[in-house]
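Everything below concerns the one structure shown next.
The values are calculated or read from the model by the stated rules, or taken from the named source; none is laboratory data. Keep in mind that what you see is a predicted model, and the values were worked out from it rather than measured. Cβ: placed from backbone, ideal geometry, glycine included. Neighbour counts: every protein chain shown. We work out accessible area using only protein heavy atoms, side chains counted, and drop any ligands, DNA or RNA first. Shrake-Rupley method; radii C 1.70, N 1.55, O 1.52, S 1.80 Å.
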Amino acid sequence: MKLLYSPTSPYARKVLVQAHETGLMDRIEVVSVKPFEDDSLRETNPLGKVPALIREDGPALFDSTVICDYLDHLQGGEKLVPEGGEERWDILRLHATAQGVTDAALNLRQQAMREEATGTAVAKDWWVDRQYAAINAGLDLLDHEAATLDRSVSLASVASACALDYLQFRFADHPWRSGRSDLANWFDRFMDRPSMQATDPRKG
């Protein structure tokens, strides 16, 4: 398999962390691409986004959640998304929350990139406020349910850790730890995992 990724993409990192956690990294060749510059990416993913997974036995897969689901079905150990019961819905719900935090952070990052490219700063408006509101409300929920994240390595915990570290990487001034000690303590422990250390975008 070949994974097209960008080292700073939190979505691609989520896939890489899952691959490390499930023992599948030795089956994946990683290829760094520049989504905003490399038009050939659309040959694999018509949306021009990373990550994208090129398989030998089927069409390419894209969207990090789809790729993570595929990897979860390939691996032989404990699934990162339980196959049934209430725990499955807990993990998927918290994953959706972490994914939404990441989406909002990426929206803000891309706006900042547009402002930098045009040399024109856009005053904060309702759209910007909405992104920060989504981030903060999502983090409040994750803090409230930090014990669930701490229960096991899951798609929710992987996505949450990647979202939080992306905030630290791109929005260092955002006080996300303030008032969220349970989440912050869990995150600090999770960051010590080899899978997180191996995929740190600062080391790329």
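Quick notes on this one:
- Average Cα contact separation per residue, region 85-142, under 8 Å, 6 or more apart, as relative contact order %: 55 percent
- Mean sequence separation of contacting Cα pairs (under 8 Å, at least six apart), scaled by the length of region 94-204, corresponds to a relative contact order of 34 percent.
- Burial order of peptide ranges 168-179, 188-199, 148-159 (average beta-carbon count within 10 Å, highest first): 148-159, 188-199, 168-179
- Nearest-0.05 FRET efficiency for Glu29 and Met113, computed from C-beta distance (R0 25 Å): 0.30
- Protein heavy-atom accessible surface, 1.4 Å probe, per residue over the chain: 52 Å².
- Most mobile listed residue (Gly100, Gly76, Gly23) in the chain, GNM with C-alpha springs under 10 Å: Gly76
- Residues within the reach of a label modelled at Leu141 (point 7 angstrom out along Cα to beta-carbon, backbone nitrogen below 14 Å), restricted to region 155-171, are 156-157, 160.
- GNM flexibility winner over the chain from Val15, Val66, Val101 (Cα, springs under 10 Å): Val66
- Calculated [θ] (222 nm, deg cm²/dmol) that DSSP helices of n ≥ 4 give over the chain, each run adding -39,500 (n - 2.57): -17500 deg cm²/dmol
- Note: relative contact order over the chain, using C-alpha pairs below 8 Å and six or more positions apart, is 23 percent.
- Three-way shape call for region 29-114 based on the alpha-carbon gyration tensor, with the a/c threshold at 1.5: oblate
- Most mobile listed residue (Leu47, Leu71, Leu139) in the chain, GNM with C-alpha springs under 10 Å: Leu47
- Accessible surface ranking that places the most exposed of Trp89, Trp127, Trp186 first, with a 1.4 angstrom probe: Trp89, Trp127, Trp186
- Carbon plus sulfur fraction of accessible area for the chain, probe 1.4 Å, in percent: 50 percent
- Percent of beta bridges antiparallel (DSSP, the chain, rounded to nearest 5): 55 percent
- Helices that extend 18 Å or more along their long axis by alpha-carbon positions and average at least 0.5 on the Kyte-Doolittle scale are, among the DSSP H runs of the chain, 155-170.
- Global form of region 83-150, assessed from the alpha-carbon gyration tensor, a/c cut-off 1.5: prolate
- Here the chain is assigned +1 on the Cβ of each Lys and Arg and -1 on the Cβ of each Asp and Glu. Its dipole about the Cα centre then comes out at about 380 debye.
- For region 55-130 and region 183-197, distance of Cα centres in Å: 19 Å
- Counting Cα-Cα pairs of region 1-159 in 10 Å increments starting at 0 gives whole-percent bin shares of 10, 34, 34, 19, 4, 0.
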